Each structure stands twice: as structure tokens, then as C-alpha cells.
Amino acid sequence: MKMKINVIRAGLLALIVMGAVHVANGQDMRSLVRDFAQLRADMRILQEDQKVLLDRITVMAQENVAKDAQIAELQKMLTMQETRIQGIEKDLSMRLEQLRKALESEKISRHKDLESAVGSMAAEISKLDKVASNASAVANAASAAAARRQAPPPPPAYVGSYKEIEVKRGDNLSLIAQAVGVPVSTLRQINNLKNDTIFVGQKLKIPVVQK
């Protein structure tokens, strides 16, 4: 646009010069006036175009300023977000490290507790083993003693002679066997008894026990 204006200005100057030359040469001034008027009209059009262009340039400059402000605001927001993200990452990293240390400490503590519990259980098992061993020994001794107590005494030796007794009221074969010191089975065998039933007045053979 500036080039066009400069060209028109140069044309006007040329016309002025040419007009001066025509006047000097005595030529017709009407043609020169028409050309000059046309140039002035073109000059006005160019000035109007220049004004429109200047207005557009002004608007674009204002828009650019607004966009620059928006870009600056966005950059500021981006910087703030990046700073915030960095802070969050730092905090997260710190918390993860604390959690890792806490887990490691908990692991060590539980391992120690487990070792202590295993040691205590081993000690208790050892005590139980001793108690069980002692109880087994006691039980074996008690069983042996009970077996000894429950074992029937050997039957007393007696000679081939017998004596007779008469069954009285209230007597039974067990009492008589206990009184004379011989087994009930021996009394049954000697007296040919099928069971332990005896009667009052019945005569029973009693073996003479060797003293």
C-alpha cells in the first residue's frame, strides 16, 4: 500500500512538472487538469484503503495483545500446574518411602515376634514332652502297681487231709473260703459243687492249709 501511495505521489509530482512544461510549451491545460483530478481521486481511494488497512491492523494488533495475554495466562497456569504436579510427585514419593520403611520395620518386627513365638512354643513343647514323659512313667508305674494289686495271690499249699464244717445260717461259699484261706474254686472242686450255692446244715470239706 505504501508503494502505491508513493507511486501516486510520484505521479502527481510528474504531472506538476509536466504541467509546468506544457504551460511553458504553450500546450492545453484542460488535459492536464483532468489527469490531475484523476490522480487526486485515486489518491483519495488509496487513502481510504489505507485507513481501512490501518483499522484492520489496529484490530489485529489488539487481538494479538489479547492473545498474548491469554497465552501468558495459560503459560502461568501451566507453570502452576507443573509446580503442583511436582509437589504432588514429591509428596507421593516421600509417602511411598515412608510406607516402604514402615513395611520393612513391620516385617522385621513380625519376624522377631515369630522367632520369639517359635522359641516360646519350643520351650512349651519341651516342657510338655517332659510332663508327658513323667506322666507316662507315672502311668506305667501306676499300671504296674495296679497289676500287682489286682493279681490274685497264689493259692496256699495244703495237705491231703480235710476237715468238715457245717454250714450255718448267714454263711456263703465266699465267706467260708475267705475264712479258711482257700479259693472259692478249690472249695467247689473239693465238694463237687456246680456253683456257689450252699445250704444251712450242709457238710463241706475244708482242706487243711499248710502253715
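Using the Karplus relation 6.51 cos²θ - 1.76 cosθ + 1.60 with θ = phi - 60°, the per-residue 3J(HN,Hα) values for region 38-50 come to 5, 5, 5, 5, 4, 5, 5, 4, 5, 5, 5, 4, 5 Hz, with x marking Gly and Pro. Using Cβ point charges alone (K and R +1, D and E -1), the dipole size of region 157-209 about the Cα centre works out to roughly 80 debye. Taking 0.36 nm per residue of separation and subtracting the Cα-Cα distance, full extension of the segment from Asp55 to Ala69 would add 2.9 nm. Measuring r between the beta carbons of Asn195 and Glu166 and using R0 = 22 Å, the FRET efficiency lands at 0.65. The amide H of Ile206, built 1.01 Å from its N in the peptide plane, has Lys163, Glu164, Ile165 as neighbours under 5 Å, considering only residues 5 or more places off or on other chains. Derived scalar couplings between HN and Hα for region 98-103 equal 4, 5, 4, 5, 5, 5 Hz in order, rounded to whole Hz, by the Karplus curve 6.51 cos²θ - 1.76 cosθ + 1.60 (θ = phi - 60°), x for Gly and Pro.
Descending by average beta-carbon neighbour count within 10 Å, the peptides 177-186, 94-103, 196-205 line up as 177-186, 196-205, 94-103, the highest first.
Taken together, the values in this text are just the output of simple stated rules run on the coordinates, not laboratory data. All values reported here derive from a predicted model rather than from experimental measurement. Cβ coordinates were reconstructed from backbone atoms using ideal geometry, including for glycine residues, and neighbour counts include every protein chain displayed.
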